[in-house]
Amino acid sequence: MDDKPGLDDKPERIVLTEDQLRKRRARSIAIAIALGVFVALVYAVVMVKGPGVLNQP
Amino acid sequence: MTDISAVDDRPPSGSLAAIHRVSEASVADYLALMKPRVMSLVVFTALVGLLVAPGHVHPVIGFTALLCIAVGAGAAGALNMWFDADIDAVMARTARRPIPSGRVAPGEALAFGMTLAIGSVVVLALLVDWLAAALLAFTIFFYIAVYTMWLKRATPQNIVIGGAAGAFPPMIGWAAATGSIGIEPVLLFLLVFFWTPPHFWALSLNRTQDYARARVPMLPVVAGAEETRRQILFYSLLLLPIGAAPWLMGYADAIYGATALAAGGVMVALAWQLKVEGAGPRAARISMRLFGFSILYLFVLFAVLLVEGVWAGFGG
């Protein structure tokens, strides 16, 4: 029973450096922009092709 | 609480930071994985294939096709860097790439490349055209499985056969516009295919030590510089009529024909100069001049085709 963590024990965690935080934030923004472009692209293609967007001649 | 900061670059073994590697990659590193310079050439040749094809392509559909082709090319670049990280690490030209320099983990590059590869093919298939998507999928497969994993480390003919991967984009662009393949995109394919050996070997003549150290059987390493110069001349001579073929077969105007013959003539002249010069610093300068001119050659020919195709209609 003693080897179980007590209520007061806080879990081990990784603390990122400023540089790592900055790079992670930049990567997150890049992913958000890519997803936004993808959504806009699908919307634009649907507008151009109409409801039969997946139909190909 | 145990704080594990990254003040020391090497976290203690067994710690969370060691088990769960914290990514050090910047957005620029991920862009570098996509080989943006190669990607720009792919996009340009695909754009020409798209715009010289008969019929009209809606700008949104054309943009979607080019974006998918660009992302597919980037995915191939990332997967190539993932597999070739061992070679890149020992070559001066590539040692600072994101994986050998440790900024991107191999697994991250693999996941990035696979995600983009599958995503680009699926989106191209669903939003543009199935044939174009099938060609893009085959191009990525050919570049990674056939060229990178097999040919590159197995034969000095690696870039001759592997050059097909770089020759497909104009065909993909054409297929995206028409949903089919004709003689014209095949001519564009052949143009890039026969352009690749003299272009790449001109560069590799000045990177022989690098390739030898990495145990990559490039032609100058296996057969020597003299044989490489002979083959450069051979492929440059082949390229001359192939470059002019769109005009000779009536698919392009006389301006293109004159440009192709003049630029092809310069390629042959430089290749001949390189052949007779032999070894030495002057030969090294000529080979780099040939390498630089080969890029201009391809750009000018495709640019003239683009202008002619847009304004006059490719194939009459």
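The values are calculated or read from the model by the stated rules, or taken from the named source; none is laboratory data. The shown structure was predicted, so the numbers you read here are calculated from the model rather than taken from an experiment. Neighbour counts are summed over all protein chains in view; Cβ atoms, including those assigned to glycine, are modelled from backbone coordinates with ideal geometry.
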(message) Suppose we keep only residues that are touching an Asp or Glu at 6+ places or on another chain (Cβ under 7 Å) and of a type in the set (Lys, Arg) within the stretch B:65-99. Which one would you say is farthest from B:Ile140 (Cα to Cα)?
(response) B:Arg93
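Return yes when B:Thr228 is out of contact with any Pro (no Cβ under 8 Å at 6 or more places or on another chain), in the same structural domain as B:Tyr297 (by TED's automatic domain parsing), assigned to a helix (DSSP H, G or I) and among the β-branched types (Val, Ile, Thr) and no when it is not.
Numbers: out of contact with any Pro (no Cβ under 8 Å at 6 or more places or on another chain): no; in the same structural domain as B:Tyr297 (by TED's automatic domain parsing): yes; assigned to a helix (DSSP H, G or I): yes; among the β-branched types (Val, Ile, Thr): yes.
Here the answer is no, as B:Thr228 does not meet what is asked.
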(message) Between B:Val60, B:Val104, which is surrounded by 23 or more Cβ atoms within 10 Å (Cβ to Cβ) and farther than 24 Å from B:Gly162 by Cα?
(response) B:Val104
(message) Suppose we filter B:Ala132, B:Ala177, B:Ala145, B:Ala165 for residues that are in contact with a Ser or Thr (Cβ under 6 Å, 6 or more places away or on another chain) and part of a helix (DSSP H, G or I); which single one remains?
(response) B:Ala165
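Going through B:Ala164, B:Ala175 one at a time, which residue ends up being small (Gly, Ala, Ser), surrounded by 24 or more Cβ atoms within 10 Å (Cβ to Cβ) and touching a helix residue (DSSP H, G or I) at 6+ places or on another chain (Cβ under 8 Å)? Break it down into steps so the answer makes sense when it comes.
On the way: B:Ala164 fails: surrounded by 24 or more Cβ atoms within 10 Å (Cβ to Cβ).
The conditions single out B:Ala175.
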(message) If B:Thr196 satisfies all but one of (1) under 23 Å from B:Leu270 (Cβ atoms); (2) in a helix (DSSP H, G or I); (3) at pLDDT below 95, what's the number of the condition it fails?
(response) (3)
(message) So B:Thr94 ticks every box in (1) surrounded by fewer than 24 Cβ atoms within 10 Å (Cβ to Cβ); (2) polar (S, T, N, Q); (3) within 14 Å of chain A (Cβ to nearest Cβ) but one. Which box is left unticked?
(response) (3)
(request) Kindly establish whether B:Leu240 is in a helix (DSSP H, G or I) and farther than 20 Å from B:Ile161 by Cα. (result) no
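Kindly establish whether B:Tyr211 is in the same structural domain as B:Gln273 (by TED's automatic domain parsing), in contact (Cβ under 8 Å) with a residue 60 or more places away in the chain and either closer than 29 Å to B:Ile69 by Cβ or in a helix (DSSP H, G or I) (or both).
It is true that B:Tyr211 is in the same structural domain as B:Gln273 (by TED's automatic domain parsing), in contact (Cβ under 8 Å) with a residue 60 or more places away in the chain and either closer than 29 Å to B:Ile69 by Cβ or in a helix (DSSP H, G or I) (or both).
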(message) Show the residue pairs meeting these rules: Cβ distance below 7 Å; 6+ apart or different chains; first residue within the stretch B:110-137 and away from chain A (no Cβ under 11 Å); second residue among the polar types (S, T, N, Q) and buried (at least 18 other Cβ atoms within 10 Å of the Cβ).
(response) B:Leu136/B:Ser120
(message) Under 8 Å between Cβ atoms, which residue pairs at least 6 apart in sequence (or on different chains) link something in the stretch A:46-57 that is among the aliphatic types (A, V, I, L, M) with a partner that is in a loop (DSSP other than H, G, I, E, B)?
(response) A:Val46/A:Val53; A:Val48/B:His58
